[in-house]
1. Please work out the Kirkwood hydrodynamic radius for the chain, using every pair of different C-alpha atoms, and report it in angstroms with one decimal place.
2. Which whole-number percent gives the relative contact order of the stretch 182-270, counting Cα pairs below 8 Å spaced six or more residues apart?
3. Compute the Rg to Rh ratio over the stretch 202-253 from the alpha carbon atoms, using the Kirkwood formula for Rh, and round to two decimal places.
4. Can you give me the three principal axis dimensions of the stretch 311-352 from its C-alpha atoms, in Å, biggest first?
5. Determine, at each q value in 0.14, 0.20 (inverse angstroms), the log₁₀ of I(q)/I(0) that the Debye formula gives when each Cα of the stretch 53-116 is one equal point scatterer.
6. Let me know the Rg and Dmax you get for the stretch 182-270 when you use only its Cα atoms, in Å.
7. Note down, for the stretch 90-180, the three equivalent ellipsoid semi-axes (square root of 5 times each alpha carbon gyration tensor eigenvalue), biggest first, whole angstrom.
8. Across bins of 10 angstrom width beginning at 0, how are the C-alpha pair distances of the stretch 233-352 distributed, in whole percent?
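What follows is calculated from the coordinates using simple rules that are stated; it is not laboratory data. Since the structure is predicted, the reported quantities are computational estimates derived from the model, not experimental observations. Backbone-built Cβ (ideal geometry, glycine too); neighbour counts: all protein chains shown.
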Ligand SMILES: C[S@@+](CC[C@H](N)C(=O)[O-])C[C@H]1O[C@@H](n2cnc3c(N)ncnc32)[C@H](O)[C@@H]1O
């Protein structure tokens, strides 16, 4: 019998009609990869991510640049499903420790449970519910002066994206929440309630390079004032309505990309992602031991620009001794097997 984290209420398994469930909650086999490996293998082979899981991106490339050794102190600043952490941990044993930070209180306990089941004890794997911008405090609380290795894999996990209750995806109906930490701040629909048209245009351009920002923003304001844009579907419909003014050929060429970008832009704002990233990049060198290595995976130009600029500035200041000029990107094979890797870029730096 499989065990669940203590305190998890017993729930009857949801039933579905037919062979291939489409809804997140009905994909119970995918939620339990350890019990249904064949189902999970089939889903992965079809280029998808099994529901409730996440596939680590650029894993071999990340392991290569981190040059892990036994006794290393590692910080995984974005623990997620623990995909990168699980691969890192065997390299730092014996004697190493990994602190896994995540701001998501929904997924973090599940990941902790999974890693404990895999045999990583509290001496070796230390989960931490926090924003990664608080890294200096987290190190101090663990009586550490610095880390040998820091990894950050920015953005959303597949568990967050695929769970309609989190409101991250326009592909399923859900409340327009978009918060990684639902106990902090306000949901996206509430945040949007107070924005004027110009502010929306600015955030669409700044956070997602949205070329149709000036067409989309007035329609969003109109629909918001009419229906509140409280759900993922209402926001997606509003963007689609705005795009009706585009020439048909361009609209078809764009497909769902503008909707994805609008969700991204609002998510970045609601979670204050750029503020957290800027703070993290600033404090990084003080959190690394001498010759410490940092690797950061980004997923859009707003993130990559900031990481590149910070690493280059700190290289010129002599704080880092090396960084990559050319970003590392996923191979075609990885993209084919996991399309969510498509826009990933890896940058790394070494502390002097
Ligand atoms: C792409 S996922 C990481 C996946 C992980 N590398 C793996 O292989 O399973 C990014 C994770 O970072 C978390 N996150 C994003 N911004 C954060 C921040 N500022 N502080 C802490 N966690 C953050 C998200 O909640 C999410 O779980």
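1. That comes to 21.6 Å for the chain.
2. Computed value for the stretch 182-270: 42 percent relative contact order.
3. Expressed as Rg/Rh, it is 0.98.
4. That works out to 39, 13, 13 Å along the principal axes.
5. -0.38, -0.77
6. For the stretch 182-270, the Cα radius of gyration and maximum Cα-Cα distance read 12.4, 43 Å.
7. 29, 16, 11
8. 11, 32, 29, 19, 8, 1
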